[in-house]
1. So for the range 44-65 (the condition being modelled with pLDDT of 70 or more, surrounded by 10 or more Cβ atoms within 10 Å (Cβ to Cβ) and within 30 Å of D116 (Cα to Cα)), does at least one residue qualify?
2. Output the qualifying pairs, or none if there are none: Cβ atoms under 8 angstrom, residues six or more apart or on different chains, first residue in the range 5-32 and without any contact (Cβ under 8 Å) to a residue 60 or more places away in the chain, second residue open to solvent by less than 100 Å² (accessible area, probe 1.4 Å) and not hydroxyl-bearing (S, T, Y).
3. Could you grab me the full set of residues in the range 127-159 that are open to solvent by 40 Å² or more (accessible area, probe 1.4 Å) and either under 15 Å from M84 (Cβ atoms) or at pLDDT 65 or above (or both)?
4. Looking only at the range 89-126, filter to residues that are in a loop (DSSP other than H, G, I, E, B) and open to solvent by 40 Å² or more (accessible area, probe 1.4 Å); which one of those is nearest to C79 (Cα to Cα)?
Amino acid sequence: MKKILLLIILCIAVVLVFSGIFQEVHGVYADVREQFYSMCDNISASVIHVDKNEDLKAEISTEVCSYPEDAILFINDLCKNNGMEIKKLKLYRESSLSSEIELACMYECLLNFIDDVKSEGSNAVVSSVNVFELADGSIDAVVVLNFYDVGGGGIIYEK
């Protein structure tokens, strides 16, 4: 009886090996393992990124810019120069003067806008960008800009 049972198990194992089931299971395991290690690397990278940002936040002057008019002019000129339509603009104060801008534009215009903020706004920082693609190929974007008073004078923008 034991020999017959052992022979049946051996036959089932041979059929499974030749049918490729073990290779499929091994392939799925390899994919899951690769995704797991990729996630671990992403988590490690995000921890390093957060630590660096915390260090940078400590170095940035947190004195609030006191000239929202200059911020509005700065945003308006950047949008006009990049062919963007401002749908909604909110200014509010938290740890800095912040603006939330809802824009209708093309993707390239949004990238140029972000580049212009980095090059022209010495104390303007893009905090976040959310993009929604529309059916006609244009996009609606919500951009959050923070303004810091780094020079002590409070002037953000002079035309």
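The values are calculated or read from the model by the stated rules, or taken from the named source; none is laboratory data. Owing to the predicted nature of the structure, the values given are computational and were not obtained by experimental measurement. Positions of Cβ are backbone-derived with ideal geometry, glycine not excepted, and every protein chain shown enters the neighbour counts. The area values use the complete protein model at the heavy-atom level, side chains included, leaving out ligands, DNA and RNA. Shrake-Rupley method; radii C 1.70, N 1.55, O 1.52, S 1.80 Å.
1. We begin by selecting, within the range 44-65, every residue modelled with pLDDT of 70 or more; these are 44.
Filter again for surrounded by 10 or more Cβ atoms within 10 Å (Cβ to Cβ), leaving 44.
Those left that are additionally within 30 Å of D116 (Cα to Cα): none.
No: zero hits.
2. F22/L16
3. Going through the range 127-159, the residues open to solvent by 40 Å² or more (accessible area, probe 1.4 Å) turn out to be 127-136, 150-153, 155, 157-159.
The answer is S127, S128, V129, N130, V131, F132, E133, L134, A135, D136.
4. Kept after step one, since they are in a loop (DSSP other than H, G, I, E, B), are these residues of the range 89-126: 94-96, 106, 121-123.
Right, trim to open to solvent by 40 Å² or more (accessible area, probe 1.4 Å) and you get 94-95, 106, 122.
Working: E94: 24, S95: 25, M106: 12, S122: 17 Å.
For the range 89-126, the residue satisfying everything is M106.
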